[in-house]
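Asks: Here it is, the structure, as structure tokens.
The values are calculated or read from the model by the stated rules, or taken from the named source; none is laboratory data. Fair warning: this is a prediction, and the values are worked out from it, not measured in the lab. Glycine gets a Cβ as well: all are built from the backbone with ideal geometry, and neighbour counts include every protein chain shown. Quick note on the areas: whole protein, heavy atoms, side chains included, nothing else; ligands and nucleic acids left out. Shrake-Rupley method; radii C 1.70, N 1.55, O 1.52, S 1.80 Å.
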Amino acid sequence: MSMKEIFPEINEIKDAKLHQQVENCLELGRKKGGWDYEDLHKVPFTLLIPGCPVSIVQHTRAVTNLSISAYELFIKEYNDYYNLNRDYLVAGALLHDVGKLVEYKLSDGKYSKSDNGKILRHPFSGANLAAICELPDEVVHIIAVHAHEGDSGYRSPEARIVNHADFMNFEPLRDILK
């Protein structure tokens with residue numbers, strides 16, 4: 001099994017180097033977290049919803065596809081105003097929660113915070129994983145500011161799209177599944 005099979009949206013990234021860096025980052029997160037490929041379909045995307053049935057894979061793919069749809073609409077409607085980098089957007093969406101692979105652990109059949117997760121939330125650990133994999137600063141930025149930690153600072157247009165796509169996925173599910 002490969003990350004491209006789990007996250008086929010990786011193939012949306014046209015730049016070959018960035019494509020490989022995203023795959024490498026997902027692999028690094030998986031290995032550092034001690035997960036098998038099959039585990040990724042079981043790891044919940046959040047611990048804030050007790051017994052969350054939505055996996056990190058399902059959530060990541062939904063956020064990525066929503067981000068791509070937003071990109072397509074914005075380019076159609078607002079292309080005269082700014083130029084979005086589609087590859088950075090897709091990479092950032094795919095990696096926005098990569099830090100959760102080291103933030104979470106499975107112990108005695110329960111998902112909880114790992115030792116790493118107790119001291120670093122996933123935007124920080126994810127940005128670190130991306131930096132280790134030498135992803136462009138623009139992608140590291142998207143990861144670092146996609147959650148509430150980025151609320152008081154600058155977000156690039158691509159980071160805003162991923163931030164909103166993430167919360168558009170999280171908040172309704174939280175309300176339905178609580």
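Asks: Amide H to amide H, which residues 5 or more places from Tyr111 or on other chains are under 5 Å from it, using H placed in the peptide plane?
Replies: Here the answer is none, since no amide H 5 or more places off falls under 5 Å of that of Tyr111.
Asks: Just to be sure I follow the rule: in segment 94-178, considering lysines 8 or more places apart or on different chains, how many pairs have Cα atoms under 17 Å apart?
Replies: 6
Asks: Using 0.36 nm per residue of separation minus the Cα-Cα distance, give me the extension gain between Ile176 and Ile75 in nm, one decimal.
Replies: 33.1 nm
Asks: Okay, moving on. Rounded to whole Å and sorted largest first, list the principal axis extents of the Cα atoms in segment 19-114.
Replies: Computed over the Cα atoms, the extents are 54, 29, 19 Å.
Asks: While we're looking at this one, here's another question. Roughly how big is segment 77-178's charge dipole about its Cα centre, with Cβ charges of +1 (Lys, Arg) and -1 (Asp, Glu), in debye to the nearest 20?
Replies: So the magnitude is around 520 debye.
Asks: Mind pulling the angle between the C-alpha long axis of helix 16-33 and the longest principal axis of the chain? Nearest 10 degrees, somewhere in 0 to 90.
Replies: That works out to roughly 20 degrees.
Asks: If you roll a 1.4 Å probe over the chain with all protein chains in place, what percent of the accessible area is carbon or sulfur?
Replies: 51
Asks: So, by mean Cβ neighbours within 10 angstrom, what's the order for 19-30, 96-107 with the highest one leading?
Replies: Per-residue Cβ counts within 10 Å, averaged per peptide and sorted highest first, yield 96-107, 19-30.
Asks: Would you mind working out the magnitude of the charge dipole of the chain relative to its Cα centre, with +1 at each Lys and Arg C-beta and -1 at each Asp and Glu C-beta, to the nearest 20 Debye?
Replies: I would put it at about 500 debye.
Asks: Enumerate the calculated ³J(HN,Hα) couplings along segment 8-14 in order (Karplus 6.51 cos²θ - 1.76 cosθ + 1.60, θ = phi - 60°), each rounded to whole Hz, writing x wherever the residue is Gly or Pro.
Replies: Rounded to whole hertz, the list is x, 5, 3, 5, 6, 7, 7.
Asks: Taking the convex hull of the Cα atoms, report for the chain its projected area averaged over all directions, in nm².
Replies: 10.2
Asks: Sticking with this one: Using the Karplus equation 6.51 cos²θ - 1.76 cosθ + 1.60 (θ = phi - 60°), what ³J(HN,Hα) coupling, rounded to whole Hz, does each residue of segment 162-168 give in order, writing x for Gly and Pro?
Replies: The phi angles translate into 5, 4, 5, 4, 4, 6, 5 Hz.
Asks: Taking only protein heavy atoms and a 1.4 Å probe, what accessible area per residue, in Å², does the chain have with all protein chains in place?
Replies: With the other protein chains kept in place, the chain gives 51 Å² per residue.
Asks: Another question, if that's okay. Which residues in segment 107-136 place their backbone N less than 11 Å from a point set 7 Å from the Cα of Lys17 along the Cα-to-Cβ direction?
Replies: Only 135-136 pass the distance filter.
Asks: Sequence-distant or interchain residues sharing an amide H contact under 5 Å with Val54, placed H: which?
Replies: Those lying under 5 Å, H to H, from Val54 are Phe45.
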